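The values are calculated or read from the model by the stated rules, or taken from the named source; none is laboratory data. Source: prediction; values computed, not measured. We place every Cβ from the backbone using ideal geometry, glycine too, and count neighbours over all the protein chains shown. Ligands, DNA and RNA are excluded from the accessible area calculation, which covers all protein heavy atoms including side chains. Shrake-Rupley method; radii C 1.70, N 1.55, O 1.52, S 1.80 Å.
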Amino acid sequence: LPSPIPCSLAQPVTPELLVSPSSQDGDLGSECPEDRGNWTGRLDFLLSCIGYCVGLGNVWRFPYRAYTNGGGAFLVPYFIMLAICGIPIFFMELSLGQFSSLGPLAVWKISPLFKGVGMGTILIVSLVAIYYNMIIAYVLFYLFASLTSDLPWQHCGNWWNTDLCLDHHVIKAGNTTFPVNITNTVSPSEEYWSRYVLHIQGSSGIGDPGRIRWNLCLCLLLSWTIVYLCILKGVKSSGKVVYFTATFPYLILVMLLIRGVTLEGAWKGIQFYLTPQFDHLLSSKVWIEAALQIFYSLGVGFGGLLTFASYNTFHQNIYRDTFIVTLGNAITSILAGFAIFSVLGYMSQELGVPVNQVAKAGPGLAFVVYPQAMTMLPLSPFWSFLFFFMLLTLGLDSQFAFMETIVTAVTDEFPYYLRPKKASFSAVICIALFLMGLILTTEGGMYWLVLLDDYSAGFGLMVVVITTCLVVTRVYGMKRFCRDIHMMLGFKPGPYFRACWMVLSPATMMALLVYNIVKYQPSEYGSYRFPTWAEVLGILMGVLSCLMIPVGMVVAVLREEGTLWERVQQASRPAMDWGPSLEENRTGMYVTSLAGSQSPKPLMVHMRKYGGITSYENTAIEVDREMEEEEEEESM
């Protein structure tokens, strides 16, 4: 059955002389859903995108990935993959969101047969939101722990330390008198993280989570409360918070960078980070790693970009914004590498060990290595507080995007019921995800976090992005999609974007997917290997988001009438009300789907009502002319 015409289109157009465009009919108001809202400031959208893309991965994944994959040489595949995979998919997501003003579920009016892709996206984002907020809870824990005159992970001799604990001050003093064997020792920061913060010795593995750590539980509750208060009014509130959370990390990063490069031995670390090893470029692994870094750091496929763009005005220049955000994100990653490796160089000199022995990625860098380096600096609690405050602001705006995606997707599906109660609905989602995340606050919670991190957004996310790319270019049609962008921005995407969308981006992501499956390695945390049932659970998590696609197809086909092939054809066509959400933006071919446009020349009526011909209406006339010529060619 064709979808019902939404209220924004269903208002009668004919009695133009009786009703002013701004007046609203009282009866209609009660039947229509509440307005979705828009960004309120000029920079809200841009800063939200920057905040979303620039996250924890830029600080703890990129520098380590660069150093293990050829140092400075890694920048070559990194920027090539940014051009092939990153920028085109980023622009496609923004275009879909801005053109339709719909969230990641409702946007599949473009081809209802594939609505399962949207369902898969929401499942992935929900799983990621659960564990991402736990990482923010760890950051809050360390932030509060830094509010002391002496950092608690500075020395051994606390109740959580073991006999293996060795203080770096002892090493430094020891170097002058006798050699110290540090091979079988553990730093105080490592024992603080594993034995005090996680209390991982209370769990024997993933099947034995142990007790809830109440201090971690309260930190998780606080992080969910912060996130809820910031997304309380949707983009109207989160759009204002990002003015701080998206810009302040840069200030701290510059401070850490200046402090880092002025330390003795900093050059050692930077050399290690950037010395190009061009022989690495012959390895396929390096190119795959570069593509993976781009893929996850830009946040394509999670629905966040599409959601943010859906709150834009119809003619916002997202083409310009795409380049600002993607290139800004890449430069931030490189800068963060300098800030991290300059400190690691200093640390390696202090400990008298090579840089590669102190370099780590992920939580190990943020919660063990960098905090240990902070203890070696004068004013260590100040630098520690700054570092964790930077991580907090980096993490929060990515978490806002995940939550906004889930809330927008569901409220766009049920606008009549949920839009007026958006604040209450957001609270329900936050509480539900907090309760699901409680297992992460147990003594064995880290094992569950690793499992979620490894599987929730792995191959499932790639399948979602590949399918989106293929549906837009093959099912909906490249010509039609370019025409929509032309109508929205006043120009068509060039051959570079068309070539990437048609061939290069899907092919690269297919290669990524195959590589991930072929090179599959079971999860591990330190020396702990996960049992088979945990592996199966992880794989099911990834497969479940992919299964949403065929499930969505079955539902869409059952809703149509006719033979199976006819049903599939009908379900793959755009819904009746697909197109720009506001009546004044439905120019060209989309005018004919307006309710009440009885005129033989609907475009002229449309232009008379909305005040003359603008450059965008000129575009609409061009698009109409192109379509007429194409129809004539086909009939001949």
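For the chain, find the longest principal axis of its Cα atoms and tell me its angle to the long axis of helix 248-261, 0 to 90°, nearest 10.
So the inclination is approximately 30 degrees.
In whole Å, how far is the Cα centre of the stretch 420-479 from that of the stretch 252-297?
29 Å
Alpha carbon centre of the stretch 498-534 versus the stretch 328-386: separation in Å?
One Cα centre to the other: 29 Å.
If you fit an axis through the alpha-carbon atoms of helix 615-635 and take the longest principal axis of the Cα set of the chain, what angle between them do you get, 0 to 90°, nearest 10?
70 degrees
Which of Ala83, Tyr520, His199 sits farthest toward the positive end of the charge dipole of the chain, with +1 on the Cβ of Lys and Arg and -1 on the Cβ of Asp and Glu?
Looking along the dipole axis, the top candidate is His199.
If packing is taken as the mean number of other Cβ atoms within 10 Å per residue, what is the order of 242-249, 387-394, highest first?
Listed from highest to lowest mean packing, they are 387-394, 242-249.
Just to confirm a number: summing +1 for Lys and Arg and -1 for Asp and Glu over residues other than Tyr515 whose beta-carbon lies under 13 angstrom from that of Tyr515, what do you get?
+1
Show me the ranking of peptides 443-451, 264-272, 116-124 by mean Cβ neighbours inside 10 Å, starting with the highest.
Those peptides, ordered most packed to least, come out 116-124, 443-451, 264-272.
Which order, highest average first, do 75-82, 53-60 follow once you tally other Cβ atoms within 10 Å for each residue and take the mean per peptide?
Ranked from most to least packed, the peptides come out as 53-60, 75-82.
Using Cα-Cα distances under 8 Å and only pairs 6 or more residues apart, what relative contact order does the stretch 42-559 have, in percent?
Across the stretch 42-559, relative contact order equals 35 percent.
Using only Cα atoms, tell me the angle between helix 284-298 and the longest principal axis of the chain; keep it within 0 to 90° and round to the nearest 10.
70 degrees
If you take the square roots of the eigenvalues of the alpha-carbon gyration tensor of the stretch 291-345 and sort them as a ≥ b ≥ c, do you get rounded (a/c under 1.5), prolate (a/b over b/c) or oblate?
Prolate, because a/c is 1.5 or more and a/b exceeds b/c.
Measure off 7 Å from each Cα along the Cα-to-Cβ vector at Tyr416 and Met510, then give the distance between these two points in nanometres to one decimal.
4.4 nm
Taking the Cα centre of the chain as the origin, how large is its charge dipole in debye, to the nearest 20, when only Lys and Arg (+1) and Asp and Glu (-1) carry charge on their Cβ atoms?
900 debye
Just going by the charge dipole of the stretch 42-559, with Lys and Arg at +1 and Asp and Glu at -1 on Cβ, which of Leu263, Ile334, Ala309 is farthest out on the positive end?
Checking the options against the dipole of the stretch 42-559, the answer is Ala309.
Per the helix-only calculation at 222 nm, which mean residue ellipticity applies to the chain, given -39500 (n - 2.57) for every DSSP H run of n ≥ 4 and division by its residues, nearest 500 deg cm²/dmol?
Mean residue ellipticity at 222 nm (helix-derived): -19000 deg cm²/dmol.
Toward the positive end of the charge dipole of the chain, about the Cα centre and with charges on Cβ (Lys, Arg +1; Asp, Glu -1), which of Asn356, Trp39, Asn215 goes farthest?
Asn356
Kindly identify the stretch 65-109 as rounded, prolate or oblate by the Cα gyration tensor criterion: order the square roots of the eigenvalues as a ≥ b ≥ c, call it rounded if a/c is under 1.5, otherwise compare a/b with b/c, prolate if a/b is larger, else oblate.
It is prolate, given that a/c is not under 1.5 and a/b is the larger ratio.
Could you rank Glu93, Glu524 by how accessible they are, 1.4 Å probe, largest area first?
Solvent-accessible surface, decreasing: Glu524, Glu93.
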